[in-house]
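Data first, discussion second: the structure below is written as structure tokens.
Nothing in this text is a laboratory measurement; each read-out follows from the coordinates by a stated rule. Keep in mind it's a predicted model, so treat the numbers as computed, not measured. Glycine gets a Cβ as well: all are built from the backbone with ideal geometry, and neighbour counts include every protein chain shown.
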Amino acid sequence: MASEFARSGILFRFIMKKERFRSLLWLVGVPCFTFIITFALDDLYPTQQARDGMAEGMRNPAMTAMVGPGDLDHYTLGAMTAHQMLLFTAIIVGLMNILLVTRHTRGDEEKGRMEIIQSLPVGRLSNLHAMLLMVCVSNLLLALVTGFGLATLPFDGMGLEGSLLYGAVLGGIGLFFAGVAALFAQLSGSNRGARGYAITLLVIAYLMRGIGDVTVEALSWISPLGWVTKAQVYAHNDWWPVCLMFLGSAIGFAGAYYLHSIRDLGAGFLNERPGRKQASPLLRTPIGLAWRLQRTGTIAWGIGMLLIGLSYGSVLGELESFFQENEMMKQFLAEAPGVSLTEQFISKIITVMAILATVPPVMAMNKLYGEEKRNRIEPVLGRAVSRTRLMTSYGLLSAGNGFVMLSLAAIGLWAAGTAAMEGKLAFGMVYSAAIAFYPALLVMIGTSAMLIGLLPKWNALVWLYLFYSFIVVYLGGLFQFPEWVAQISPFGHIPQLPVEEMDVSKVWLLTAVAILLATVGWMGYKRRDLHG
Amino acid sequence: MLKTTDLVKRFGKFTALNGVNIEVNQGEIYGFIGPNGAGKSTTIRILLGMLKADAGEAKIFGQDAWKEAVQIHQRMAYVPGDVNLWPRLTGGEVIDLFLSLRGSRGKQVRKRREELMERFQLDPTKKCATYSKGNRQKVALVAAFASDADLYILDEPTSGLDPLMERVFQECILEAKREGKSVLLSSHILSEVEKVCDRIAIIRQGEIIESGTLAQLRHLTRTHLQIETRQPVSGLQALAGIHHLEQKGHTLALQVDADELDRVIQHVSPYGIVKLESAPPTLEDVFLRHYEDAGGR
């Protein structure tokens with residue numbers, strides 16, 4: 001059977017070569033991120049007293065559901081880092097492994113590259129085997145770099161064993177999800193499908209652990225992300241969850257090897273359902289086509305916005321007590337007379353949510369240029385469709401998208417908040433505070449449209465602008481920026497309800513700016529050359 | 001060299017191959033012809049060990065195509081019709097990867113590689129993302145011909161090449177033949193394979209409907225003639241090998257069996273030829289002919 005693996009070594013070196021930058025990026029990025037956070041936590045909570053205060057704030061079901069259980073009674077710097085960071089880092093590592101494995105297995109197969117590779121004297125399992133070697137090497141490196149790196153940090157409460165376990169958990173969860181991805185790459189007939197199934201499993205694992213940690217303990221025992229917290233890094237230091245992850249990974253890869261050895265190249269085991277025979281009447285218009293292309297993404301973002309709203313809302317109940325012990329948050333929110341800290345926090349959350357809710361509509365607008373770059377605008381404009389009509393379709397869709405996203409986030413925040421708090425939260429207050437940001441969101445869509453019309457190659461600048469907005473609005477209070485820095489962003493002009501007063505003139509002004517930007521974009525789009 | 005016996009392949013309810021028999025001998029160029037979706041690529045993928053046949057046998061060098069794929073592939077080279085490559089690698093890098101996966105190295109191979117890139121006018125420093133379909137095909141062709149294979153399986157390898165490059169390609173396979181190597185060449189254009197192939201098999205809806213040497217299949221190929229003469233031609237009906245004759249005054253349209261061509265031209269030329277146009281037979285004609293012979297089926 002040795003021939004099944006023939007020339008895996010060459011393929012392994014080939015994959016390593018292709019992935020060298022990306023791998024290096026996350027082999028350096030993930031550990032560095034961990035180290036920086038550790039330093040930051042040490043800086044913010046230098047004494048055991050400060051950490052105990054933080055631990056009290058964490059002692060509620062909402063936080064447990066979000067970050068998992070932690071050793072709150074002995075909240076050393078190590079226990080705190082593991083509690084706050086390990087689960088999220090594990091999710092990121094899992095996601096990276098899923099993307100890596102699907103890209104080089106089903107991805108290459110779908111694109112037809114495996115066909116030529118397989119026609120060479122290369123074993124049927126060689127590529128999968130090379131992939132297994134690749135994930136073993138990279139996750140091992142990740143575990144060692146993170147583990148020994150943490151051990152050398154000059155902090156108490158971060159012993160060698162705990163540090164190595166911290167790294168091992170990350171490496172283990174990476175291997176586990178690599179195995180999951182390898183298995184789904186055999187089961188599903190498409191790269192999208194394989195990736196989608198594996199990521200869905202990751203999300204289910206997170207949700208199961210969240211529900212399990214708060215209610216039915218058994219659920220977290222079957223969730224691989226539950227094992228992450230069960231390792232109790234820097235507390236009891238249990239190694240058996242890492243063994244479970246290795247075992248799971250081995251089962252995943254063994255299954256993948258078996259399925260791959262019996263199947264036809266290009267075939268999967270889960271059948272794709274056949275598509276529609278005819279286009280529905282809705283699809284037959286430019287706006288219908290634009291919607292159809294973004295439908296899945298929009299629905300996913302909608303669910304995401306609702307979940308973000310819900311998760312922020314669920315912690316509102318515990319906030320008041322938390323604030324009293326947290327000096328930094330006070331500075332961050334800058335006290336205002338006559339308004340409760342909770343209300344201040346709500347207005348802050350809504351600002352952040354509004355910026356997040358701007359991402360999907362801007363993506364929807366940018367899709368117009370994305371389609372152009374991929375040569376898919378030509379067949380549409382080749383018909384009796386004017387450029388103005390096409391751009392209007394994308395613009396309207398994008399504007400509608402933004403309204404829905406903002407609304408969903410606000411509804412989520414209100415629903416979870418009113419359930420968690422003792423005094424009821426007024427829906428009108430939350431919703432109007434969120435919708436007040438709609439003109440700012442429109443300005444971002446307008447900016448995107450303007451760039452597409454005038455400077456299509458620089459169309460990614462809109463993301464920079466949005467990121468800038470996020471920084472100045474979110475961290476403005478902490479860094480004490482001068483006024484004009486915030487005024488450059490449309491989000492800086494929106495009155496932060498309910499803390500500030502509503503200012504209708506600003507709303508109209510921003511809307512006018514949005515319309516102006518969009519009109520400039522429309523004019524430019526009508527005149528310029530199409531790029532594909 | 002290469003032999004399939006009663007090959008059957010089903011995809012769900014759809015039967016892609018229904019008892020395919022082809023055989024390629026040493027030093028032979030074998031044409032494998034059929035319209036899109038007839039089963040050419042399915043047959044080839046079974047021969048490459050990528051698909052598992054539901055029934056029948058596929059053997060190359062006397063070894064089973066599925067079980068002994070690695071051993072077979074050491075002596076075989078394949079070029080697909082639709083070549084997909086890694087967008088961020090250059091053509092040169094991809095060729096080297098393919099050669100090293102094959103285990104071909106040494107001065108001889110490097111020399112062949114350079115020479116072939118020259119002949120196909122391929123710029124190996126460009127990223128694959130910038131290559132057109134034809135250039136990606138050249139990458140696969142260079143990698144295939146630079147390696148010292150005994151059998152070449154080529155699945156519509158010229159679909160993206162311009163006529164000049166197609167000539168170079170034909171030279172390459174004729175050279176391979178002269179060195180005693182075998183080629184399986186699939187195509188949906190009859191005239192393309194006719195130039196180089198020794199034997200031909202025609203596949204339609206998963207079944208081989210005709211196979212044999214070109215001489216044996218000569219009866220299948222008819223030349224289309226359009227003739228204009230000074231005087232109206234008479235007495236053509238009496239000649240053998242004439243089909244679909246249409247006569248309008250001084251102009252004639254007809255199809256002639258290849259082996260009767262000489263006699264027809266001799267018959268027509270005394271009438272004074274003003275214009276003579278001929279078109280090679282197409283695959284459709286062969287199919288039509290096949291139905292006529294099989295009584296419509």
Given a Förster radius of 41 Å and the C-beta distance between residue A:385 and residue A:16 as r, what FRET efficiency does 1/(1 + (r/R0)^6) yield to the nearest 0.05?
0.30
Give the longest segment of chain A that steers clear of GluC sites (Glu not before Pro) in DSSP loops with at most 16 neighbouring Cβ atoms within 10 Å, not counting the sites themselves.
A:1-271
Which distance in Å, rounded to a whole number, links the C-alpha centroids of the stretch A:403-436 and the stretch A:143-180?
39
Please compute the contact order of the stretch B:222-279 in relative form: average sequence separation of alpha-carbon pairs under 8 Å and at least six residues apart, divided by the residue count, as a percent.
53
FRET E, pair residue B:216, residue B:282, Förster distance 30 Å, beta-carbon r, rounded to 0.05
0.95
Within a 10 angstrom radius of each residue's Cβ in B:92-104, how many Cβ atoms of other chains show up on average? Whole number is fine.
4
So, in nm, how far is label residue A:505 from label residue A:531 when the simple model puts each one 7 Å beyond its Cα toward the Cβ?
4.0
What nm value, rounded to one decimal, do you get for the distance between residue B:10 and residue A:236 when each label is placed 7 Å out toward the C-beta?
5.5
Neighbour counts of other C-beta atoms within 10 Å: give me B:125, B:5, A:351 arranged from fewest to most.
B:125, B:5, A:351
Once every DSSP H run of n ≥ 4 in chain A is given -39500 (n - 2.57) and the sum is divided by its residues, what mean residue ellipticity at 222 nm do you get, rounded to the nearest 500 deg cm²/dmol?
-24500 deg cm²/dmol
Can you sort A:243, A:136 from fewest to most other Cβ atoms within 10 Å of each residue's own Cβ?
A:243, A:136
Contact order normalised by length for chain A, with contacts defined as Cα pairs under 8 Å and 6 or more residues apart; what percent is it?
14
Under 29 Å Cα-Cα from residue B:248, which lysines qualify once same-chain neighbours fewer than 8 residues away are excluded?
B:275
Convert 10 °C to kelvin, take the viscosity as 1.306 mPa s, use the Kirkwood radius over C-alpha pairs of the stretch B:84-123 as Rh, and evaluate the Stokes-Einstein diffusion coefficient in µm²/s, rounded to a whole number.
147
How much length, in nm to one decimal, is gained on full extension between residue A:33 and residue A:264, taken as 0.36 nm per residue of separation minus their Cα-Cα distance?
78.9 nm
Applying 1/(1 + (r/R0)^6) with R0 = 22 Å to the Cβ-Cβ distance of residue A:307 and residue A:474, what FRET efficiency is obtained, to the nearest 0.05?
0.65
Between the stretch A:60-118 and the stretch B:1-75, how far is it from one alpha carbon centroid to the other, in angstrom?
44
Under 11 Å from the Cβ of residue B:109, count the other residues' Cβ atoms, weight Lys and Arg +1, Asp and Glu -1, and hand me the total.
+3
Helix axis angle, B:133-146 relative to chain B longest principal axis, alpha carbon, degrees
70
Determine the dipole magnitude for the protein assembly as shown: charges of +1 sit on the beta-carbon of Lys and Arg, -1 on that of Asp and Glu, nothing else is charged, the reference point is the Cα centre, and the result goes in debye to the nearest 20.
2040
Which far-off residues, 5 or more places away or on another chain, put their amide H under 5 Å from the one on residue B:204, with H placed in the peptide plane?
B:209
Ranked packing of A:198-210, B:260-272, most packed first, by mean Cβ within 10 Å
A:198-210, B:260-272
Just need the relative contact order of the stretch A:348-418 here, percent rounded to a whole number, with Cα pairs under 8 Å and 6+ apart.
52
Okay, helix-only estimate at 222 nm for chain B: each DSSP H run of n ≥ 4 adds -39500 (n - 2.57), divide by all residues, round to 500 deg cm²/dmol; what do you get?
-9000 deg cm²/dmol
Using only Cα atoms, figure out Rg for the stretch B:2-217 and give it as a multiple of 2.2 N^0.38 Å.
0.99
Could you work out the local net charge near residue A:391, counting Lys and Arg as +1, Asp and Glu as -1, over the other residues with Cβ closer than 14 Å to its Cβ?
+4
Taking a quarter of the surface of the convex hull around the Cα atoms of the protein assembly as shown, what do you get in nm²?
44.1
How many Lys pairs in the stretch A:282-527 lie less than 18 angstrom apart by Cα atoms, where the lysines are 8 or more positions apart or on different chains?
6
Cross-link partners of residue B:127 among lysines (Cα-Cα below 17 Å; sequence separation of 8 or more within a chain):
A:17, A:18, A:111, B:138
As an exercise, identify the trypsin sites (Lys or Arg not before Pro) in the stretch A:388-462 lying in DSSP coil whose Cβ has no more than 10 other Cβ atoms within 10 Å.
A:424
Taking the Cα-to-Cβ direction at residue A:376 and at residue B:274 and moving 7 Å from each Cα, how far apart do the two end points lie in nm?
5.6
